[in-house]
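Novice: This is the structure I have questions about; it appears just below.
The values are calculated or read from the model by the stated rules, or taken from the named source; none is laboratory data. Values in this document were obtained by computation on a predicted structure and should not be read as measured data. Positions of Cβ are generated from backbone atoms using ideal geometry, with glycine treated the same way; all protein chains shown enter the neighbour counts. SASA here: full protein model, heavy atoms, side chains in, ligands and nucleic acids out. Shrake-Rupley method; radii C 1.70, N 1.55, O 1.52, S 1.80 Å.
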Amino acid sequence: MADLFFFGTLRHVPLLELVLGRSGDALNVLPAKLPGHGVYQVSGQPFPAIEERQGATADGVLVQNLSPTDLDALNFYEGGFGYALKPVSVQLEDGSAAGAEVYFPEPGLWQTAEPWDLNAWADKWGALSLRAAEEVMAYHGRMTAEDVARCFPSVRRRAAAWLAGQARPGDGVHDLSKDVIVHSHNRAHLNFFAMEEMDLQFRRFDGSMSPVMNRSAAMAGHASVVLPYDPVRDQVLLVEQFRAPPFIMGDAHPWMWEPVAGVIDPGETAEETARREAVEEAGVTIQRLETVARGYPSSGALAEYIHIFIGITDLSDVGIGGGVAGEGEDIRSCILSYDELMAGIDAQTYQDMPLVTAALWLSRHRERIRKDSS
């Protein structure tokens, strides 16, 4: 049995319960402090790190008598992020000392900023962290902690997308608690994208429930798509890059002409993503965004919700784009006239459906946009 001192997100009882797979009521939890240490926000990340700091005191909890099974789950959750257990002596409320172990990050692993606040974290990141932890812990015993950690940015993006989906209003007709019954939920594959499947029933239009069916979905999250358009020059910018899914599907033309696009990071709006990706992929600064559509591009197979925009810009001043090399992107761009774009649409030259959607929307609103920009 082991005693651990938790200083950060695992002080949030619902998260600790999820990681351990059991109720917190069965845990022996005591308020505790670790003198000579402080808990600080990790720069650019939604979690803290603990550091030795003279005169500081780290608030936390001491959880006693954790089983080997508990430790295995905790090591899986924490181990892939460069954290390792080290022995310390913590101070309890009655002034006595108790031995414990703490997950310390590797020295120099993180850059830290201001002192970390548990309540502020829970308000902003608690729900997302719980959803992300559900996906992470589904792979406990099936993947290494290091392999899961490499996928964690995309896990967080999917968690944010799920929460956004939950926040959208229903249709006012169906009650999902009664009209969809989930018999099993299997997270089958985890990588940059994930694959999930369910055995489920849904209410049919005649009021009866469907048979139990097995259905799967490729889990992508949320993304922004922006077609840069210069209304003064009446030109658009397209980007071209190799796309593995068409190649895997057997397509003889896997290099695709597309608008600029990218996944939405947690805490980022669709509009912020569109502007960021325009700079990264094409070297374009967006002056104004026109909303084209929001929805699922292939609702029968792909769990991806996309936000499509026209990005009003000046295409006489295009900087350096080309994508992010660390993400395996190799992107080139071209500028073509509106008439050339629409000729390609009519000739069915383009295979990217968001591009077709954006182009057709532009054809309906082009004169207004050009007038507004004159």
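Novice: Would the stretch 18-26 turn up any residue that is over 24 Å from E134 (Cβ atoms), of a type in the set (A, V, I, L, M, F, W, C) and free of Cβ contacts under 8 Å to residues at least 60 places away in the same chain?
Specialist: no
Novice: R158 fails exactly one of the following numbered conditions: (1) out of contact with any Gly (no Cβ under 7 Å at 6 or more places or on another chain); (2) at pLDDT 95 or above. What is the number of that condition?
Specialist: Checking R158 against (1) out of contact with any Gly (no Cβ under 7 Å at 6 or more places or on another chain); (2) at pLDDT 95 or above, the one that fails is (1).
Novice: Here are some residues: D230, D206. Which one is open to solvent by 70 Å² or more (accessible area, probe 1.4 Å), at pLDDT 95 or above and among the acidic types (D, E)?
Specialist: None of the other options fit; the residue is D206.
Novice: Then there is this: Return the total of residues in the stretch 124-156 being assigned to a helix (DSSP H, G or I) and open to solvent by less than 50 Å² (accessible area, probe 1.4 Å).
Specialist: Residues flagged as assigned to a helix (DSSP H, G or I) and open to solvent by less than 50 Å² (accessible area, probe 1.4 Å) within the stretch 124-156 amount to 19.
Novice: Report whether or not V356 is out of contact with any Leu (no Cβ under 6 Å at 6 or more places or on another chain), modelled with pLDDT of 95 or more and farther than 16 Å from T273 by Cα.
Specialist: Judged against the criteria, V356 is a match.
Novice: Suppose the filter is of a type outside the set (D, E, K, R) and in contact (Cβ under 8 Å) with a residue 60 or more places away in the chain; does A138 pass it?
Specialist: Judged against the criteria, A138 is not a match.
Novice: Something else: If you go through the stretch 81-98 one residue at a time, do you hit one that is at positive phi and touching a strand residue (DSSP E or B) at 6+ places or on another chain (Cβ under 6 Å)?
Specialist: Checked against the condition, which is being at positive phi and touching a strand residue (DSSP E or B) at 6+ places or on another chain (Cβ under 6 Å), the stretch 81-98 yields at least one hit.
Novice: Considering only residues that are open to solvent by less than 40 Å² (accessible area, probe 1.4 Å) and closer than 22 Å to E280 by Cβ, look in the stretch 327-340 and name the one that is farthest from the chain's Cα centre (by Cα).
Specialist: For the stretch 327-340, the residue satisfying everything is L336.
Novice: Report yes if L71 is part of a helix (DSSP H, G or I), of a type outside the set (D, E, K, R), surrounded by fewer than 19 Cβ atoms within 10 Å (Cβ to Cβ) and over 25 Å from the mean Cα position of the chain (by Cα), otherwise no.
Specialist: yes
Novice: For a quick check of your reading of the model, give me the residue pairs whose first member lies in the stretch 356-374 and is farther than 13 Å from I312 by Cβ and without any contact (Cβ under 8 Å) to a residue 12 or more places away in the chain, whose second is of a type in the set (A, V, I, L, M) and assigned to a helix (DSSP H, G or I), with beta-carbon atoms closer than 7 Å and at least 6 apart or on different chains.
Specialist: Pairs found: V356/I345.
Novice: Considering only the stretch 93-103, how many residues are outside any loop (DSSP other than H, G, I, E, B) and either more than 38 Å from the chain's Cα centre (by Cα) or at pLDDT below 90 (or both)?
Specialist: Selection size over the stretch 93-103: 2.
Novice: Given the criterion over 22 Å from E240 (Cα atoms) and either assigned to a strand (DSSP E or B) or not acidic (D, E) (or both), identify the matching residue among Q287, Q351.
Specialist: Q287
Novice: Condition check: assigned to a helix (DSSP H, G or I) and over 24 Å from S224 (Cβ atoms). Does G172 satisfy that?
Specialist: In short, no.
Novice: While we're looking at this one, here's another question. Got a sec? Which strands (runs of 3 or more DSSP E) wholly within the stretch 188-270 have at least 2 residues that are in contact with a helix residue (DSSP H, G or I) (Cβ under 9 Å, 6 or more places away or on another chain), of a type in the set (A, V, I, L, M, F, W, C) and within 24 Å of A282 (Cβ to Cβ)?
Specialist: 213-230, 235-242, 255-258, 260-263
Novice: Checking A293 against (1) over 26 Å from A218 (Cα atoms); (2) assigned to a strand (DSSP E or B); (3) at pLDDT 95 or above, which test does it fail?
Specialist: (1)
Novice: Continuing with this model, one more query. Just need a number here: residues in the stretch 77-92 that are open to solvent by less than 50 Å² (accessible area, probe 1.4 Å) and in a loop (DSSP other than H, G, I, E, B).
Specialist: 2
Novice: Out of A270, A343, which single residue is more than 20 Å from R366 (Cα to Cα) and either free of Cβ contacts under 8 Å to residues at least 12 places away in the same chain or open to solvent by less than 20 Å² (accessible area, probe 1.4 Å) (or both)?
Specialist: Result: A270 is the single residue among A270, A343 that is more than 20 Å from R366 (Cα to Cα) and either free of Cβ contacts under 8 Å to residues at least 12 places away in the same chain or open to solvent by less than 20 Å² (accessible area, probe 1.4 Å) (or both).
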